[in-house]
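The next block holds one structure in the form of structure tokens; read it before the comments.
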Amino acid sequence: MSNQNIWVFFELSDGRPKKVCLEMMQKAKELAGAGSGLAVAVIIDPEPEEASKAAFENGADQVLAVRQKFFFESAAYILEKLAEKYSPKIVMIGATTEGRDLAAAASVRLHAGIASECSDVVVTGSGVYWIRPSYDGKLNTNICIENDPMIGTFKPGIFKLQEPEAGRSGETVEEAVDVPAGVLLTELLGFTPDDELTKANIEDAEIIVAGGRGVGSKEGFGQLYELAAALGGSVGASRAAVEEGWIGKDYQIGITGKTVAPRLYIGFGISGALPHVNGIKESDIIVAVNTDPNAPIFGVANYGIVADLNVICPALTKKVREIKG
């Protein structure tokens, strides 16, 4: 028999939780606050203290901490044993590279239904509804899973991250789980940083300069990179620009790419198709630059500029550099 607790699995990088974990934690607190359950962070790391602090400040009522290194196979086994003991209702996992592996493995171990790449989750008296975009975001599908626990994965940026509550605390429960040798099939031999992949980590970017088909060419993206560098931001793109081969798929923004929620989004030559708009709608400020005054993106932009991006982009870069000295 499950309780009403909502778990969020915390994926860490150098001991710090990824942004998507904090976003899900705040959502879990909202859901738990509407019912009778607890918002619980599950942290698997040799030193969970920093992540625990972040979990509490972003809404966790409780932290379940297991002091072990993270591998998705062992993490799935640990989740299985913790779920057998505590019987959560919902397990939320980030739709990251490692999170997708973990969610699939945990689904098998927990005999749990899974709803992948969701845009929302709603808990009502009649059940839990996992909302998933379909047909490039033109429709939403409501997924119901009958048995507990149930697993849902969420892309970074789906839930708007609010300011944490500094100094907030809660209960930490440390668990020791012995993982059988046969469970762990992965061995980490080393780590080679990928500078290009780091640049493409646009989900956590505070400022994004994005380009669409209107940029015109791969070379045209050069001026977007210059503006992004001047602003201290990252470059993104619409699916059209990616399909033209002007920029890699890791930079694609939208339902079929990455969901982002920066403080500032500037879109150059992007018409504003619904899949792309759904990927940027949680941005604090949206600026659109397009020569077509009827471009759909102007309908969601806070500021619109009807002009040639080849004039506006260099002018913005020059002005930013002047301001910064």
- Note on the structure: With a 25 Å threshold on alpha-carbon distance, the violating pairs from K258/K318; K160/K218; K69/K258; K53/K155; K89/K138; K249/K324 are K258/K318; K160/K218; K69/K258; K89/K138; K249/K324
- Message: Spelling out what I want: for every residue of region 18-35, take phi, set θ = phi - 60°, compute 6.51 cos²θ - 1.76 cosθ + 1.60 (Karplus), and round to whole Hz; glycine and proline get x.
- Response: 5, 4, 4, 5, 5, 4, 5, 5, 5, 5, 4, 5, 4, 5, 5, x, 7, x
- Query: Out of residues 5 or more away from S119 or on other chains, whose amide H comes under 5 Å of its own, with H placed 1.01 Å from N in the peptide plane?
  - Reply: I131, R132
- In whole percent, the fraction of accessible protein surface over the chain that belongs to carbon or sulfur atoms, probe radius 1.4 Å, stands at 51 percent
- For N5, list long-range residues whose amide hydrogen, built 1.01 Å from N in the peptide plane, is under 5 Å from its own amide hydrogen. L38, K89
- Query: With a ≥ b ≥ c the root eigenvalues of the C-alpha gyration tensor of region 96-195, is it rounded (a/c under 1.5), prolate (a/b larger than b/c) or oblate?
  - Reply: rounded
- Restricting region 56-155 to trypsin sites (Lys or Arg not before Pro) in coil, as DSSP defines it, with at most 13 other Cβ within 10 Å: K69, K138
- For region 108-115, what does the Karplus curve 6.51 cos²θ - 1.76 cosθ + 1.60, with θ = phi - 60°, yield as ³J(HN,Hα) per residue in whole Hz, taken in order and with x for Gly and Pro? 5, 5, 8, 6, 10, x, 9, 10
- About its Cα centre, how strong a charge dipole does the chain have in debye, to the nearest 20, once Lys and Arg get +1 and Asp and Glu get -1 at the Cβ? 820 debye
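Only sites in a loop by DSSP and with at most 14 other Cβ atoms within 10 Å count here; which trypsin sites (Lys or Arg not before Pro) in region 145-248 make the cut?
Taking region 145-248 and a limit of 14 other Cβ atoms within 10 Å, the loop trypsin sites (Lys or Arg not before Pro) found are K160, R168, K218.
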- Message: So if I take the centroid of the Cα atoms in region 254-325 and the same for region 83-108, what is the distance between those two points in Å?
- Response: 35 Å
- Mind running the shape call on region 211-295? Use the C-alpha gyration tensor, a ≥ b ≥ c as the square roots of the eigenvalues: rounded below 1.5 for a/c, prolate if a/b tops b/c, oblate otherwise. rounded
- Sorted by chain and number, the residues with a modelled amide H under 5 Å from that of S234, at a separation of 5 or more or across chains, are I207, I208, V209
- Query: Looking at G279, P293, I323, which one has the Cα that reaches farthest to the positive end of the dipole of the chain (charges on Cβ: Lys, Arg +1; Asp, Glu -1)?
  - Reply: P293
- Query: Of (i) 36, 25, 18; (ii) 41, 20, 19; (iii) 38, 21, 18, which is the value of semi-axes √(5λ) of the Cα gyration tensor in Å derived from the coordinates here?
  - Reply: (iii)
- Message: Normalised radius of gyration for region 37-176, please: alpha carbon Rg relative to 2.2 N^0.38 Å, two decimal places.
- Response: 1.06
- Mean residue ellipticity at 222 nm from the helices of the chain, using -39,500 (n - 2.57) per DSSP H segment of n ≥ 4 over the full residue count, to the nearest 500 deg cm²/dmol? -9000 deg cm²/dmol
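Filter the GluC sites (Glu not before Pro) in region 214-261 to those in DSSP coil with at most 13 other Cβ atoms within 10 Å of their Cβ, and list the result.
Working: sites: E219, E226, E243, E244; in loops: E219, E244.
In loop regions of region 214-261 (DSSP not H, G, I, E or B), the sparsely surrounded GluC sites (Glu not before Pro) are E219.
The values are calculated or read from the model by the stated rules, or taken from the named source; none is laboratory data. Since the structure is predicted, the reported quantities are computational estimates derived from the model, not experimental observations. For neighbour counting, all protein chains shown are included, and Cβ atoms are generated from backbone atoms with ideal geometry for every residue, glycine included. For the accessible areas, the whole protein counts, side chains as well, though only heavy atoms, and no ligand, DNA or RNA atoms are used. Shrake-Rupley method; radii C 1.70, N 1.55, O 1.52, S 1.80 Å.
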